[in-house]
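Reading through the structure tokens given below for one structure.
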Amino acid sequence: MKTPRSFATALANTHLPSVFNPYRDCCPIHDRPDAPRVRKRNLTQCLEAALDARVDTIWIARDLGYRGGRRTGVPLTDEVHLASASTLLGGITLDRATRGPIVAERTAAIVWRALARIGAPVVLWNVFPLHPHETDDPMSNRCHSRAERDATWPLLMALIAMIAPRRIVAIGRDAGLALTGIDIPVMMVRHPSYGGQAEFIAGVHALYGIDEAPRDDATLELPLA
């Protein structure tokens, strides 16, 4: 798992119950037939571009969401912001893997609002890199279990070894606690969901030494995810 391609292949080979692996699984309702391959290619291109740009920071949240990374293959990125991810990473090609209307995610909107203000690429990831859902509801979000985290922890360690970041930004308390003890500086900011958007943006701006931007309430109208 030393290259983006080998890493994405290892990720695609992971299978766990009540977990959707967007790099392996195909949703019969929303996905195009080649969706897993498209998402795997999206992820590979993001990681290759990050290495080329010598990105030195990884932003890590808790789990992949069903409105964002499950559909795009790019963590913390919904279909609305695929073009933003492409631009920030030097104009790489990122494709939709789903059918029907474009779906927005509130967390992704706020994360990408902050990234647009920063103007520097980062690697986006999750402690648990797949989408955990309730057994009878594949379009739901739940917190991953300790067993699920342990099963995929080597993937996180492989990503960190490959990117060799100077620092990690943990998005939310759960992510911060999960990353306790790793041998890289971890800065924690508030998760932007459930009323935390202002604190998240303020925290990220403080980390990057950026003056506060004007409040944009348009992001508050998006669904929670």
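Name the residues in the stretch 163-179 that are over 18 Å from residue 207 (Cβ atoms) and part of a loop (DSSP other than H, G, I, E, B), would you?
Kept after step one, since they are over 18 Å from residue 207 (Cβ atoms), are these residues of the stretch 163-179: 164, 174, 177-178.
Within the stretch 163-179, 164 is the sole residue that qualifies.
Applying the selection to the stretch 2-15, what residues are in contact (Cβ under 8 Å) with a residue 60 or more places away in the chain and within 19 Å of the chain's Cα centre (by Cα)? Write out each step before concluding.
Of the stretch 2-15, the ones in contact (Cβ under 8 Å) with a residue 60 or more places away in the chain are 2-4, 7, 10-11, 14.
Scanning the stretch 2-15 gives 3, 4, 7, 10, 11, 14.
Are there any pairs, at least 6 apart or on different chains, whose C-beta atoms fall under 7 Å, with the first in the stretch 77-103 and at positive phi and part of a loop (DSSP other than H, G, I, E, B) and the second surrounded by fewer than 22 Cβ atoms within 10 Å (Cβ to Cβ) and at pLDDT 95 or above, and if so, which?
90/49; 90/53; 100/30
Considering (1) of a type in the set (A, V, I, L, M); (2) touching a Gly at 6+ places or on another chain (Cβ under 7 Å); (3) at pLDDT below 95, say which one residue 97 fails and leave the rest.
All conditions are met except number (3).
Among 61, 50, which is the only one that is within 16 Å of residue 122 (Cβ to Cβ), at pLDDT 95 or above and in a strand (DSSP E or B)?
Only one candidate qualifies: 61.
Select from the stretch 76-121 the residues that are over 14 Å from residue 200 (Cα atoms) and charged (D, E, K, R) and list them in ascending order.
78, 79, 95, 96, 99, 105
Inspect all residues belonging to the stretch 96-112 and state whether any of them is closer than 25 Å to residue 173 by Cα and of a type in the set (Lys, Arg).
First pass over the stretch 96-112, keeping only residues closer than 25 Å to residue 173 by Cα: 104-112.
Those still in the list that are of a type in the set (Lys, Arg) too: 106.
Within the stretch 96-112, one or more residues are closer than 25 Å to residue 173 by Cα and of a type in the set (Lys, Arg).
The values are calculated or read from the model by the stated rules, or taken from the named source; none is laboratory data. Since this is a predicted model, take the numbers as computed values, not measurements. Because the Cβ atoms are built from the backbone with ideal geometry, glycine has one as well, and the counts that use them run over all protein chains shown.
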